[in-house]
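Taking it in order: structure first as structure tokens, then the write-up.
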Amino acid sequence: MTAFSLNPEQTAWCEELRTLADERLRPLAEKGEPGRVNRPLVEALGELGLLDRLFAGEGPGGSAASQPPAPRATSGALGLCLLRESLAYACTEAETALALQGLGAHPVAAYGSALQREQWLAPARAGRAVAAFALSEPGAGSDAAALALRAEPDGASSWRLTGEKCWISNAPEADFYTVFARTTPGAGARGVTAFLVPADRAGLTGTPLDMLSPHPIGALAFDGVTVTGDDVLGEPDRGFRVAMTTLNRFRPSVGAFAVGMAGAALDATLAHTARRDAFGGKLKDLQAVAHQVAEMATRTEAARLMVHAAAAAYDRGEPDIARRAAMAKLMATETAQYVVDAAVQLHGARALQRGHLLEHLYREVRAPRIYEGASEVQRTIIAKELYAEQAQAQAAPQSATHEATHEAPREEPSA
């Protein structure tokens, strides 16, 4: 298997996931209340074993988690991408519930203590505890290193959290939060610590925000919330690494979510233009329409390949994952926006009717271009990585020349 093709096992698994999402998860999604956590849906994801897939192979210090590993062909970052793409194609609500659960609980799986994992990861995997990832703040969205939530020392091994978080998915309804706070003022990314904070901790309150989103998004207020060493995820002042490791793992799969939506919009457009009568023939017979559909398909496939390549690179442990993940997320989310918008245009007014697939996708497709790093942030990451690679390449020949020049005098006396 390469990053550019799926083997029969992976293809069959994707088809199975689409059927599962359509038959088992979509009915639960349709019963949910917009803007609220759909707990029956989250529990179903746990019962079906899909949440387990998010944490396979994750453990403190990179050790394997206790649950049985997923089959190799459908595990790892690529397996996560196939899972998210397949669910998004058939039921975006199920995909989003799964992704938010993974984002909030992944730091516990990867960096949590045995006690934290027992108390919170086990119920999160089962879908009985809802997780949330609390990084963004009113003044620190894209610039994650500019966090202002203060973690002020309160004794030898405890802190008090004071400040705000904003635009937090699953807030204020989550059962626990992975919270990033500044423990060392003025230290930038090096002074941030990750904490696991239960929702019922004294001094923590939340407010729902009225957003263009099917799931809850809220603000959190921390009024001297006490956290101790037992609440730290990883190490003090190393929380930025926890955040970036989590985001790097999930960024390619955000692209997979977008590809799933683009695929659904493309297939709906193919079906519609093939049966729609227009100007004495079918809509697909118009060259302008056919070329538009071809462009939609080409961009969708290109985005899919970039997502798969980034995920495969992550699984292989390649050093350029930050650039690849950023490229995959950028390409896929921008492509999905284009494809869904084009699909709406080709469907006409019917696509704007409440309840139509494309009306739903049109609302869903906008947010991924912002969360987990806006498109502009992804471009910044890509450029930074490219220039860093260029600098390394230029330095290598100079270093080799210097070494050769330095070695020559030592060789001459022995000649």
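Each reported figure results from applying straightforward, stated rules to the coordinates on display, with no laboratory input. If you're wondering where the values come from, they're calculated on a predicted model, not measured in any experiment. Every residue, glycine among them, receives a Cβ derived from its backbone with ideal geometry; neighbour counts consider all protein chains shown.
Of all aspartates and glutamates in the structure, the ones whose alpha carbon falls short of 13 Å from that of K31, not counting any fewer than 8 places away in one chain, are E93. Here the Karplus relation 6.51 cos²θ - 1.76 cosθ + 1.60, evaluated at θ = phi - 60°, turns the backbone of region 8-25 into coupling constants of x, 5, 5, 4, 5, 5, 4, 5, 5, 5, 4, 5, 4, 5, 5, 8, 9, 9 Hz, with x for every Gly and Pro.
For the chain, a crude dipole built from +1 on the beta carbon of Lys and Arg and -1 on the beta carbon of Asp and Glu, taken about the Cα centre, is about 720 debye to the nearest 20.
In the elastic network of the chain, a GNM with C-alpha springs shorter than 10 Å, the most mobile of A262, A148, A288 is A288. Converting phi to 3J(HN,Hα) with the Karplus coefficients 6.51, -1.76 and 1.60 and the offset θ = phi - 60°, region 311-327 yields 5, 5, 5, 4, 5, 7, x, 6, x, 9, 5, 4, 5, 4, 5, 5, 4 Hz in sequence order, with x at every glycine or proline.
Taking all Cα pairs closer than 8 Å and separated by 6 or more residues, the relative contact order of the chain comes to 14 percent. Taking the chain as a Gaussian network of alpha-carbon nodes connected by springs under 10 Å, the highest mean-square fluctuation of the residues Q116, Q392, Q353 belongs to Q392.
When the chain is treated as a Gaussian network with alpha carbon springs shorter than 10 Å, the biggest mean-square fluctuation among G127, G188, G104 belongs to G188. Taking amide H atoms as placed 1.01 Å from N in the peptide plane, the amide H of D175 lies under 5 Å from those of V130, A131, each 5 or more residues away in sequence or on another chain. Dividing the helix sum by the residues of the chain, where each DSSP H run of 4 or more adds -39500 (n - 2.57), gives a mean residue ellipticity at 222 nm of -17000 deg cm²/dmol.
Between L209 and I217, G218, A219, the built amide H atoms are under 5 Å apart, and every one of these is 5 or more places off in sequence or on another chain. Taking θ as phi - 60° and the Karplus parameters 6.51, -1.76 and 1.60, the scalar couplings of region 156-166 work out to 5, 9, 9, 9, 10, 8, 9, x, 9, 10, 9 Hz in sequence order, x denoting glycine and proline.
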